[in-house]
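To start, the structure itself, in structure tokens.
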Amino acid sequence: IKKQGIYNNTMVIFTTDNGMFHGSHGLAGKWYPYQESIRVPLIVYDPRMPAEKVGIVDDSFTLNVDLAETILGAAGLKPHRLMQGRDISDLYLPNVENGKTAIERKPWRDEFFYEFTFRDENFIPSSNALVRKKWKLIDWYHYKKYQLFDLEKDPLELNDLAGDPSNAEIVSEMKTRLEEIRDGMKEPSKGCNRGDYSINAPTEEEEAIKAAKEADEKQKAAKNITTNVESK
């Protein structure tokens, strides 16, 4: 891209889709919510980035669902309303509106929801997790078992604290929050099944037009009824 003369007008993102266990936790593969699998590298080169931001490490929670919105934002395009990520450039560009930066208007996430569903529980167990900077709660929901890890003191997740009575309050709060996020994901558009976030789903504008047409049809129908009554 340097040879093509577009280096200074091109965003470059380096990342991966998952990590591999290679024996950590006695596991292989990638299908579990421990750090070795769910933490991946992310390097962003953005010509718009201020000099003071270049080369720094930011420990904010960025997710794979953020990548599409980040690319769309760099291209000057709005994301589909059912997309659930956020433009990562909010972390390094001021994006000032009404005297406030993007982060001042809306703070960056301080937790995230993880989910992995597999059809054969005898092969790979499904799991959900709520991840914060300090705590991670894992829900092996088919087995009705929870795990709690203190990521600050135990970054390798070797000491499950879910059964410790002194952590009962944090377990209870995080279980409630996990269920709230899981059950209250962005509602899909009307007419779609939960979990259908297809790009073909109607936009807010399309739904507004449809609603206006329905209201107009009802109004016309009411006028016809009135006219028929008066003529009789």
(message) Of the residues A74, A68, A51, only one is free of Cβ contacts under 8 Å to residues at least 40 places away in the same chain and open to solvent by less than 70 Å² (accessible area, probe 1.4 Å); which?
(response) A68
(request) Please work out which one of (1) of a type in the set (K, R); (2) under 30 Å from A51 (Cβ atoms); (3) open to solvent by less than 40 Å² (accessible area, probe 1.4 Å) is the condition K136 fails and give its number. (result) (2)
(request) Take the residues in region 79-128 that are within 17 Å of W140 (Cα to Cα) and in contact with a Ser or Thr (Cβ under 6 Å, 6 or more places away or on another chain), then tell me which one is most open to solvent (accessible area, probe 1.4 Å). (result) T117
(message) For a quick check of your reading of the model, give me the residue pairs whose first member lies in region 167-184 and is touching a residue at least 40 places away in the same chain (Cβ under 8 Å) and closer than 13 Å to R132 by Cβ, whose second is outside any helix (DSSP H, G or I) and among the acidic types (D, E), with beta-carbon atoms closer than 7 Å and at least 6 apart or on different chains.
(response) L178/D139
(request) Residues being β-branched (V, I, T) and in contact (Cβ under 8 Å) with a residue 12 or more places away in the chain: count how many of those fall in region 85-106. (result) 2
(request) Could you look through region 1-28, keep only residues that are outside any helix (DSSP H, G or I) and in contact (Cβ under 8 Å) with a residue 40 or more places away in the chain, and pick out the one that is farthest from G55 (Cα to Cα)? (result) D17
(request) Please give the number of the condition A215 fails out of (1) at pLDDT below 95; (2) among the small types (G, A, S); (3) open to solvent by 60 Å² or more (accessible area, probe 1.4 Å). (result) (3)
(request) Filter region 51-101 down to residues that are polar (S, T, N, Q) and touching a Lys or Arg at 6+ places or on another chain (Cβ under 9 Å) and give me whichever is nearest to K133 (Cα to Cα). (result) S60
(request) Being touching a residue at least 12 places away in the same chain (Cβ under 8 Å) and out of contact with any His (no Cβ under 6 Å at 6 or more places or on another chain) is the filter here, so list the residues in region 107-125 that pass it. (result) W108, R109, D110, E111, F112, F113, Y114, E115, F116, F118, I124, P125
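The values are calculated or read from the model by the stated rules, or taken from the named source; none is laboratory data. Since the model is a prediction, treat every value here as computed from it, not as a measurement. All Cβ positions, even for glycine, are placed from backbone atoms using ideal geometry, and neighbour counts span all protein chains on display. Surface areas here come from the heavy atoms of the whole protein model, side chains and all, with no ligands, DNA or RNA. Shrake-Rupley method; radii C 1.70, N 1.55, O 1.52, S 1.80 Å.
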